[in-house]
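The values are calculated or read from the model by the stated rules, or taken from the named source; none is laboratory data. What you see is a predicted model; the values in this text were computed from it and never measured. Methodologically, a virtual Cβ is constructed for each residue, glycine included, from the backbone with ideal geometry; neighbour enumeration extends over all protein chains shown. Side chains are part of the model used for accessible areas, which takes the heavy atoms of the whole protein and leaves out ligands, DNA and RNA. Shrake-Rupley method; radii C 1.70, N 1.55, O 1.52, S 1.80 Å.
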Amino acid sequence: DESTLEIVTRNGVHVFSVEVAASDADRQKGLMFRKELPEGRGMLFDFKQDQDVSMWMRNTLIPLDMLFINADGSIRRIAENTEPMSERTIPSGGPVRGVLEVIGGTAKKLGIAPGDKVAHPMFSGK
């Protein structure tokens with residue numbers, strides 16, 4: 001499933017086209033084996049409820065920024081430029097509803113920071 005997601009930062013609104021990974025199988029595969037991820041695109045992992053999550057980069061060929069997002073759409077934590085092919089776990093740092101993966105360097109380039117708001121039907125926006 002593809003949908004649109006917006007991130008509201010202090011310097012504007014940034015729009016992404018995202019694939020939603022809502023099933024266990026989709027979440028496990030994630031962006032594995034892809035050779036590229038264009039700017040403005042990403043994968044949104046829907047964990048269905050708030051929970052502590054850990055991500056990793058096994059079989060992921062490109063560096064990613066991982067945005068860990070609370071149920072209200074606020075960004076809890078950002079792991080920037082994660083290491084391709086690493087099996088080191090990347091923790092959410094607390095319960096989150098979802099994770100957005102975008103190409104590495106996006107958060108810095110666009111000025112996306114913890115506390116910024118993500119607008120998508122998955123989040124309550126409260």
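Given a 1.4 angstrom probe, I'd like the percentage of the accessible area of segment 3-126 that is carbon and sulfur, rounded to a whole number.
On segment 3-126, the fraction of accessible area on carbon and sulfur atoms equals 50 percent.
Accessible area per residue of segment 29-126 at 1.4 Å probe, in Å²?
Here the residues of segment 29-126 average 48 Å² of exposed surface.
Given the DSSP H assignment, sum -39500 (n - 2.57) over each helix run of at least 4 residues in the chain and divide by its residue total; what's the result at 222 nm in deg cm²/dmol, nearest 500?
Roughly -2000 deg cm²/dmol at 222 nm, from the helical runs in the chain.
Show which lysines lie in cross-link reach of LYS48 when reach means a straight Cα distance below 25 angstrom and same-chain residues fewer than eight apart are skipped.
Answer for LYS48, where 25 Å is the Cα cut-off: LYS29, LYS117, LYS126, listed by chain and number.
Could you compute the longest span of the chain free of GluC sites (Glu not before Pro) located in DSSP loops and having at most 14 other Cβ atoms within 10 Å, not counting the site residues?
By the stated rule (loop sites, at most 14 other Cβ atoms within 10 Å), 40-86.
Scan segment 37-118 for chymotrypsin sites (Phe, Trp or Tyr not before Pro) in coil per DSSP, keeping those whose Cβ has at most 16 other Cβ atoms within 10 Å, and list them by number.
Passing both the DSSP loop test and the Cβ count: TRP56.
So, counting K/R as plus one and D/E as minus one, what does the shell of residues with Cβ under 13 Å around SER23 add up to?
Charge balance near SER23 sits at -2.
Would you work out if the chain is rounded, prolate or oblate? Take a ≥ b ≥ c from the square roots of the eigenvalues of the alpha-carbon gyration tensor; rounded if a/c is under 1.5, else prolate when a/b is larger than b/c, oblate otherwise.
rounded
In whole Å, how far is the Cα centre of segment 38-55 from that of segment 65-126?
A separation of 7 Å, based on Cα centres.
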